[in-house]
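Asks: What follows is a single structure, and I will ask about it in a moment.
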Amino acid sequence: MSIEVKDLTYTYSPNTPYAATALRGVSLHIEEGEYVGIIGKTGSGKSTFIQHLNALIRLQSGEIKVYDIDLNAKKPDLKKLRGTVGMVMQYPEYQLFDETVEKDVSYGPRNLGLSEEEIRERVREAIELVGLDYEEVRDRSPFELSGGQKRRVAIAGVIAMRPRILVLDEPIAGLDPRGKQEILALIKKLKNAYSPTVIVVSHDMDSVAENCDKVALFADGEIARFASPREIFYDDELLSRTEMDCPSVVKVVKELERLGKSLPTRPVTKAELVAALTVGEGV
């Protein structure tokens, strides 16, 4: 098991008139190798939850264990934790800061105390892994790059630390359809290369259905359900209660059912829909 969270509760500005509880008794177990989607309305606790995973937000109440790192310890090993959990925040290109791409990407590995040779190797590999030409961009200012290139450089800075767990907050927000597909393909590539466990916060239900093994649906600071995309997106009562939308494929299936045309399966991905339609020709 890569992540174990038990009874996590967090309140912003506690003991003040502005106190606001963001998480209420959240428990979640994520196995190594899983691709987990985190969904829910704005303000449901998603970002607060993921920021606990590498101690950007420190524990108030509850327990978190990431592999052998106990965040409840008096002095948890934060350097080891942040080398294990790579965090890509929303619009990561806005977090670029150094004068060249190479310096920006090397920031994380350098903080791990690696040798200069190891840092150079990791930086080159990370930049190439995200689909950029190392020799072409290494000495360029990250601020001169296109929006998509900036996002790739920001992700490279996280990947250069070779985290076993990759956490991304709205990684395709603000991108056009082609940009979305490129970033989603990149995430799969990174999952296969260095980060077997991927956790993605997203408002894009189509991408969640297409890519995730499991989905945690947050509502009012709690997990309303943690299950497969199929179980989540075909639970009409759950979606209604949490005011959540469903993927386009599921909408098509539900419309067919409304018209009295049933399929042999209940698909959530485009490939599954095509297969079901092929098998169910003539329904």
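Asks: Please state the charge dipole magnitude for the chain, taken about the Cα centre, from unit charges on C-beta atoms (+1 on K and R, -1 on D and E), reported in debye and rounded to the nearest 20.
Replies: 440
Asks: If each DSSP helix of 4+ residues adds -39,500 (n - 2.57) and the sum is divided by the residues in the chain, what number results at 222 nm, nearest 500 deg cm²/dmol?
Replies: -11500 deg cm²/dmol
Asks: Kindly work out what percent of the DSSP beta bridges joining two residues of the chain are antiparallel, to the nearest 5.
Replies: If I count the DSSP bridges inside the chain, around 55 percent turn out antiparallel.
Asks: Let me know the shape class of the chain, please: from the alpha-carbon gyration tensor, a ≥ b ≥ c as square roots of the eigenvalues, rounded when a/c is under 1.5, otherwise prolate if a/b is greater than b/c, or oblate.
Replies: Oblate, because a/c is 1.5 or more while a/b does not exceed b/c.
Asks: In whole Hz, with x marking every Gly and Pro, tabulate ³J(HN,Hα) for segment 265-278 from phi via Karplus 6.51 cos²θ - 1.76 cosθ + 1.60, θ = phi - 60°.
Replies: After applying 6.51 cos²θ - 1.76 cosθ + 1.60, I find 9, 10, x, 10, 10, 4, 4, 5, 5, 4, 4, 5, 5, 5 Hz.
Asks: Going Cα to Cα from Lys261, which aspartates and glutamates come in below 16 Å? Please leave out same-chain ones fewer than 8 positions away.
Replies: Leaving aside aspartates and glutamates fewer than 8 places away in the same chain, those within reach of Lys261 are Glu281.
Asks: Place +1 on the Cβ of every Lys and Arg and -1 on the Cβ of every Asp and Glu in the chain, take the dipole about the Cα centre, and give the residue among Thr242, Gly174, Leu112 whose Cα lies farthest towards its positive end.
Replies: About the Cα centre, the residue reaching furthest to the positive side is Thr242.
Asks: When the chain is modelled as a GNM with alpha-carbon springs shorter than 10 Å, which of Lys180, Lys189, Lys261 fluctuates the most?
Replies: Of Lys180, Lys189, Lys261, the most mobile in the Gaussian network model is Lys261.
Asks: Here's something else I'd like to know. If the limit is 24 Å between Cα atoms, which of Lys41/Lys180; Lys188/Lys214; Lys150/Lys214; Lys41/Lys189; Lys80/Lys214 go over it?
Replies: Distance filter (> 24 Å) returns Lys150/Lys214; Lys41/Lys189; Lys80/Lys214.
Asks: So, one more: Leaving out same-chain residues fewer than 8 places away, which lysines sit with a Cα under 28 Å from that of Lys74?
Replies: Output for Lys74: Lys6, Lys46, Lys65.
Asks: Quote to one decimal, in nm, the extra length available between Ser228 and Glu99 on full extension: 0.36 nm per residue of separation minus the C-alpha distance between them.
Replies: Fully extending the segment from Ser228 to Glu99 adds 42.1 nm.
Asks: Starting from segment 51-127, pick out the trypsin sites (Lys or Arg not before Pro) whose DSSP state is loop and whose Cβ has at most 14 other Cβ atoms within 10 Å.
Replies: The qualifying sites are Arg58, Lys74.
Asks: Can I ask one more? Counting DSSP beta bridges in segment 121-229, what percent are antiparallel, to the nearest 5?
Replies: Taking every DSSP beta bridge with both residues in segment 121-229, the antiparallel ones total about 50 percent.
Asks: Measure out, as a whole number of angstrom, how far apart the alpha-carbon centroids of segment 74-93 and segment 202-223 sit.
Replies: If we compute the Cα centre of each part, the gap is 22 Å.
Asks: Right, next: Which FRET efficiency, nearest 0.05, do Leu259 and Ala185 yield, Cβ-Cβ r, R0 45 Å?
Replies: 0.85
Asks: A follow-up question, please. With just the Cα atoms defining each centre, how far is segment 135-149 from segment 1-36? Give it in Å.
Replies: 36
Asks: With only Lys, Arg, Asp and Glu charged, each at its Cβ (+1 for the first two, -1 for the last two), find how big the charge dipole of segment 61-206 is about the Cα centre; round to the nearest 20 debye.
Replies: 520
FYI, it's all coordinate maths here, none of it is from the lab. Just so it is clear, the model here is predicted, and its values are computed rather than measured. Glycine gets a Cβ as well: all are built from the backbone with ideal geometry, and neighbour counts include every protein chain shown.
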